[in-house]
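Quick notes on the structure that follows.
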Amino acid sequence: GFGVEFDETERLVFFGNNSNVFGVRLSFAIGIILQLFIIQDHFRIKSARFWFILPIVLLISVLLAAGSRTALLCLFLILGGTILSYKGRRKFIIVFGGIVALVALYLFLRGTVVFDRLLYSVNTGDTGGRTDIWEALLPYCWENQWFGVGMTGYDLMASKAYGRIVNPHNVIIEIFAYSGFVGLYIYIFFWLRLVFRSIKLRNMNEYMPLVLLLPLMVNIFCG
């Protein structure tokens, strides 16, 4: 009741934050704690590091209450990425623990708001209006395909395409609209460098950059 409330769809709203943005931030917090403090044992506290599982459980419960499908997908990718990317000693323990965590998460999900929203999306193909926005914006983006229309020009373009100013919920389309193929090339080149650097760091037993790239990609395409 003080900054923390539920909206009309029973989704948690935390101090006025957008539930999707809030949920995604929680998923990254979970990924950082899991990788840095548990997998890599940053504090060198050995078996005591597993106490960090407690804040992860609490963060997951709040993430589920936020009801964000995007955040839930990010969480699954973080857990799956942790299992697949790890190549250190005792990998069996990491794989077994990850599978247990995924199964427990699935069982805990049943009956929650986010689980119902996820089922609805699967059964109906609902994307929260994202595909409608993309279909409306893309023809106008192609009219200024090389250099885009800029941030101020985007407002006018969105109003023409969709009847009002809307967030495209897709960073690729957003960059394309702002700066055309020129800006998109620079943006994609930037991300490719991050991907290759993350793979290189993984070979040096630094897993977090590669694991966190997966949920970042989800947010680029639907956030």
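The values are calculated or read from the model by the stated rules, or taken from the named source; none is laboratory data. Since the model is a prediction, treat every value here as computed from it, not as a measurement. A quick note on method: Cβ atoms are made from the backbone with ideal geometry, for glycine too, and the neighbour counts reach across all protein chains shown. For the accessible areas, the whole protein counts, side chains as well, though only heavy atoms, and no ligand, DNA or RNA atoms are used. Shrake-Rupley method; radii C 1.70, N 1.55, O 1.52, S 1.80 Å.
For the chain, what % of the accessible area comes from carbon and sulfur atoms, probe 1.4 Å? Show your work: numbers first, answer last.
Numbers: 9010 of 13220 Å².
Here carbon and sulfur together make up 68 percent of the probe-accessible area.
Kyte-Doolittle mean at least -1.0 and Cα extent at least 30 Å along the axis: which DSSP H helices of the chain qualify? Could you put the intermediate results ahead of the total?
Numbers: long enough: 171-202 (34 Å, 1.33).
Both cut-offs are met by 171-202.
How big is Rg to Rh over region 4-69, alpha-carbon atoms, Rh as the Kirkwood inverse-mean-distance radius? Don't skip to the end; give the middle numbers.
Numbers: Rg = 14.0 Å, Rh = 12.7 Å.
That ratio equals 1.10.
Name the shape class, rounded, prolate or oblate, that the alpha-carbon gyration tensor gives for the chain, where a ≥ b ≥ c are the square roots of its eigenvalues, rounded holds for a/c under 1.5, and otherwise prolate holds if a/b is larger than b/c and oblate otherwise. Oblate. The equivalent ellipsoid that matches the C-alpha gyration tensor of region 138-223 spans semi-axes of 32, 14, 7 angstrom, in descending order.
Under the shape rule built on the C-alpha gyration tensor, where the axes satisfy a ≥ b ≥ c, region 1-115 is prolate, since a/c reaches at least 1.5 and a/b is greater than b/c.
Using the heavy atoms of the protein chains alone and a 1.4 angstrom probe, what is the accessible area of region 148-213 per residue in square angstrom?
59 Å²
Surface analysis of region 28-119 yields an accessible area of 56 Å² per residue, using protein heavy atoms and a 1.4 Å probe. Based on DSSP H segments of at least four residues, each scored -39500 (n - 2.57), the chain has a per-residue ellipticity at 222 nm of -22500 deg cm²/dmol. Peptide packing for 170-182, 200-212 was compared via the average number of neighbouring C-beta atoms within 10 Å per residue; ordered from the highest value, the list is 170-182, 200-212. Put simply, the amide H of Val13, placed in the peptide plane, has neighbours under 5 Å in Glu5, Phe6, Asp7, leaving out anything fewer than 5 places away on its chain.
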